[in-house]
Amino acid sequence: MEANPLPTGIVPWLIALLPIVVLLVLLVGLRWKGIEAGPLGMVTATLVALLAFRTPLETLAVAAGKGLWDAVFILYVVWAALLLYLVTVRAGAFEALREGFLGFSRNELFLVLAIGWVFASFFQGIAGFGAPIAVTAPLLIGIGVRPLYAVVIPLIAHTWAKMFGTLAVGWLAMLNVVGVADPTATAVQTAILLWLINLLGGLAVAWFYGRGPAVRHALPMILIISALHGGLQLVLMYINPILSTFVAGTAALVALYPLSHWRRYAEPATGIAERPAMVAPGDEEQAVDGLETALPEECTMTLGLALLPYVLLTVLATVALAIPPVNAALSRFEIGLPFPAVQTGFGVAREAALPYSPFSPLTHPGTFVLIAALVSLGVYRWRGCERADPSTRDSLWRNLVKDSVPSSIAIASFLVMSKVMDHSGQTMVLAGGLAAVATPTIYAFAANWIGILGAFMTSSSTASNILFSPLQAQAAAALEGLSQASVLAGQGAGGATGNVIAPANIVLGTSTSRIPGQEGIVLRRVLPWTVLTAVLTGLLTVLLNALGG
């Protein structure tokens, strides 16, 4: 096949943008469900690839296959997390969790911040890959948070931990695809940008809970936790970036104990009249499903028993991922699919993958969640903690399939759309168009927007770094006065921010919160925060670049 350069100019750029515009209009404007909007976005990307980007059917088939394989990685977490949710609901664990958490602190805002921000960030430090949302969203629902906000809060609050979380997989990916001239300077500047995102995340949680009065009440806690999150991560850039988020997240988690004894956060907050994130008394529409039947009399659901799956999950993830010898042993077994080399008529080539994107089932977050769910199911049944159900016990598995299939279709279609845009060259045209018209200052501002684009398309900050870090480094080399360290820092921060609006991540949240079909509403809630964060991150990147990178 004779190759020609990718088309440039405003018309090809707008054509490449079309699938994203279609997806946003359907989800945000028309409020379509993910299962409805995803396939149409996928079809739009495919038609653009065929008609405007000279993409052969073989290339489209390979792209679709890779997208489906990527979906398996995410769906493993989704299905396991839904099983855990159903198990805990049927056992009455949410009532025990609510009572137990209120015994720890009677301050709802403190608990929302503790679970949705601190615990979600801690879990991102060790597991990641959607698990923080899948785990914390049901916990937030258990303490009275509306399901919609139970998705929005952890989506925003833990995203700062994406780059150096999961043992810095996003950072290591960047180092693997780019010759980073000054790794320490790049890591430090990235940590500075992520600290800003962290602070904005904590403030957003308080704002969602109770607007201005809640922000004022929570401000001391937010500043303390953010200092531990962002400050420790920044210091550890000089020592060991790999463990930076895990150490910072652990320190913040430990700090919750003394904070809970501070009278300001031990007692209910006063002066917060409006609490839009919380379920109002008597609001049956927002109640947790499955609580309408009573537990057997022989069941005594204590807080310790209710926390069993989450403690087990944390221990499994920490041992398997944070202890190098254990991680190395478990990671030896990997699964991946082979795909051939393909290219388009414009010369966009993808090398053969033997195998493509292999993952280790024994260190996958879905495995930890699944083990926690199955062990808890056995313990709860042994203790007689299972709600009376007019149907058979098989209803647990039937409900799991019923709840999981719509989200599975949506996530798969989003990721196939992403791979089609990547393999056809649409994604490169979008990013290259921004780079082609930018001055050094404008490009420094735009660097994190390119990272956001990558994460939006792939639902992964790591994939965004792999996709666009080389382009960012090329721009830094081509534009005089543009620091590579600042640009790559913007890329890393943008990749983290973009996860908030990634359709597959939103579907994961709505699935585990049992509100399928509300993806568009979630996107409308998180989009303003994402834009504000991107603007402030861009301005800070410009400042870092002006200071000499």
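Shape class of region 103-151 from the alpha-carbon gyration tensor: oblate, with a/c at 1.5 or above and b/c at least as large as a/b.
Using the Cα gyration tensor of region 114-217, with a ≥ b ≥ c the square roots of its eigenvalues, what is the shape: rounded (a/c below 1.5), prolate (a/b larger than b/c) or oblate (neither)?
It is oblate, given that a/c is not under 1.5 and a/b is not larger than b/c.
Rg and Dmax, both from the Cα atoms of region 12-100 and both in Å, are 19.2, 60.
Cross-link partners of Lys402 among lysines, defined as those whose alpha carbon lies under 26 angstrom from its own and excluding same-chain residues fewer than eight positions apart: Lys33, Lys66.
Labels on offer are [x] 26; [y] 23; [z] 58, and the one holding percent of Cα pairs over 39 Å apart computed from this structure is [y]. Helix content alone sets the calculated 222 nm mean residue ellipticity of the chain: runs of n ≥ 4 DSSP H residues at -39500 (n - 2.57) each, divided across all residues, give -23000 deg cm²/dmol. For helix 147-157, what angle does its Cα long axis make with the longest principal axis of the chain, in degrees from 0 to 90 and rounded to 10? With rounding to tens, the tilt is 50 degrees.
Using Cα pairs under 8 angstrom and six or more residues apart, how large is the relative contact order of the chain, in percent? The normalised contact order for the chain reaches 28 percent. Computed over the alpha carbons of region 1-151, Rg followed by Dmax gives 21.5, 70 Å. Per-residue Cβ neighbour counts within 10 Å put Ser513, Ser226, Ser461, Ser418 in the sequence Ser226, Ser513, Ser418, Ser461, beginning with the fewest.
Of the residues Ile506, Ile371, Ile74, the one with the fewest other Cβ atoms within 10 Å heads the list, and the complete ranking is Ile371, Ile74, Ile506.
In the chain, a dipole from Cβ-located charges (positive for Lys and Arg, negative for Asp and Glu) runs towards its positive end, and of Met417, Leu453, Ile192 it is Ile192 whose Cα lies farthest in that direction. Volume of the convex hull of region 347-482 (Cα atoms only), normalised per residue: 174 Å³.
Applying D = kT/(6 pi eta Rh) to region 45-88, where Rh is the Kirkwood radius over alpha-carbon pairs, T corresponds to 4 °C and eta to 1.567 mPa s, the Stokes-Einstein value obtained is 104 µm²/s.
The alpha-carbon atoms of region 492-549, seen along their principal axes, cover 48, 18, 12 angstrom, with the largest extent given first.
Helix 10-24 and the longest principal axis of the C-alpha atoms of the chain enclose an angle of approximately 10°. Between 0 and 90 degrees, rounded to the nearest ten: what's the tilt of helix 395-424 against the longest Cα principal axis of the chain? Relative to the chain, helix 395-424 is tipped by roughly 20 degrees.
Order by neighbour count: Glu95, Glu351, Glu36, fewest other Cβ atoms within 10 Å first, most last. List each step's numbers first, then the result.
Details: Glu95 16, Glu351 10, Glu36 20.
Going from sparsest to densest Cβ surroundings: Glu351, Glu95, Glu36.
Rounded, prolate or oblate for region 70-171? Axes are the square roots of the Cα gyration tensor eigenvalues, ordered a ≥ b ≥ c, and the cut-off for rounded is a/c under 1.5. Verdict is oblate for region 70-171.
Coordinate-derived values only; no laboratory data. Source: prediction; values computed, not measured. As a convention, Cβ positions derive from the backbone with ideal geometry for all residues, glycine included, and neighbour counts pool all protein chains shown.
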